[in-house]
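The structure appears below as structure tokens.
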Amino acid sequence: MKQVIKTIWVLSAFLFLVLPAQAADHACSEILNFERKPLADEGRINLCEQYQGKVIVVVNTASKCGFTYQYEGLEELYSRYKDEGLVVLGFPSNDFANQEPGDDKQIETFCRLTYGVKFPMFAKTHVARGTQDPLYRALARASGVYPAWNFHKYLIDRQGRLVSNYPSRSEPLGGELETAVKELL
């Protein structure tokens, strides 16, 4: 009888300690706790349900920017590492010098046809300080940095925690961002 009671006590203690920790692992990250409309689509996606558990690069994009060529590098980064758990999330923004004037359908056509973008893209979003969307407010609060221009990148780990951010000049491939992504995968 003492053995049964001891076994029950040990199992209870185990469940008390382990189950809350497991539940916390599945809780939605504050940074990802948003729904967003995919580019040129009528539906909405819950970012947490869709992407938590993956390594995520969030990037504000523009079709008429000096950094627009980075679509190619972002797509290559996504292609190389998506099977290991990476996702790139693109958020077109017209906040800087009117460099994304098109509507969602025009943006989608440009990204897909010009750069072969297959990573998830979302509806046009405000990212600049003072007008920013709540997602970008959460990213700025976590990093202390708002995008200063198009193609600013935020890196989020599998637990939904912001790891770092990279300015527009930071290339998607062959530098700090790719190295950090590989370390998180």
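Based on this model, can you work out whether CYS28 counts as assigned to a loop (DSSP other than H, G, I, E, B), modelled with pLDDT of 95 or more and of a type outside the set (Ser, Thr, Tyr)? No; evaluated as a whole, the condition is false for this residue. Take the conditions (1) among the acidic types (Asp, Glu); (2) buried (at least 18 other Cβ atoms within 10 Å of the Cβ); (3) closer than 25 Å to GLY53 by Cβ; ASP95 misses just one of them, which is (3). Taking the range 96-140 as the range and being among the hydrophobic types (A, V, I, L, M, F, W, C) and without any contact (Cβ under 8 Å) to a residue 40 or more places away in the chain as the test, the residues that pass are ALA97, LEU113, ALA128, ALA140.
Hey, among the residues in the range 77-92 that are aliphatic (A, V, I, L, M) and part of a strand (DSSP E or B), which one's surrounded by the most Cβ atoms within 10 Å (Cβ to Cβ)?
Taking the candidates together, the pick is VAL88.
Taking the conditions exactly as written (buried (at least 17 other Cβ atoms within 10 Å of the Cβ), of a type in the set (Ser, Thr, Tyr) and under 19 Å from LEU32 (Cα atoms)), does TYR146 satisfy them or not? Criteria met by TYR146.
Note down all Cβ pairs under 6 Å where the first residue falls in the range 161-173 and is farther than 16 Å from LEU32 by Cα, the second is part of a loop (DSSP other than H, G, I, E, B) and among the aromatic types (Phe, Trp, Tyr), and they're at least six residues apart or on different chains. Listed pairs, sorted by first residue: SER168/PHE67; SER168/TRP149; SER168/PHE151. What is the one condition in (1) more than 12 Å from the chain's Cα centre (by Cα); (2) surrounded by 20 or more Cβ atoms within 10 Å (Cβ to Cβ); (3) modelled with pLDDT of 95 or more that LEU39 does not satisfy? Tallying (1) more than 12 Å from the chain's Cα centre (by Cα); (2) surrounded by 20 or more Cβ atoms within 10 Å (Cβ to Cβ); (3) modelled with pLDDT of 95 or more, LEU39 fails exactly one: (3). The residue list LYS6, LYS2, LYS82, LYS64 contains one member that is at pLDDT 95 or above and either over 25 Å from ASP157 (Cβ atoms) or among the aliphatic types (A, V, I, L, M) (or both), which is LYS64.
The values are calculated or read from the model by the stated rules, or taken from the named source; none is laboratory data. Small disclaimer: the values here were computed from a predicted structure and weren't measured. Neighbour counts are summed over all protein chains in view; Cβ atoms, including those assigned to glycine, are modelled from backbone coordinates with ideal geometry.
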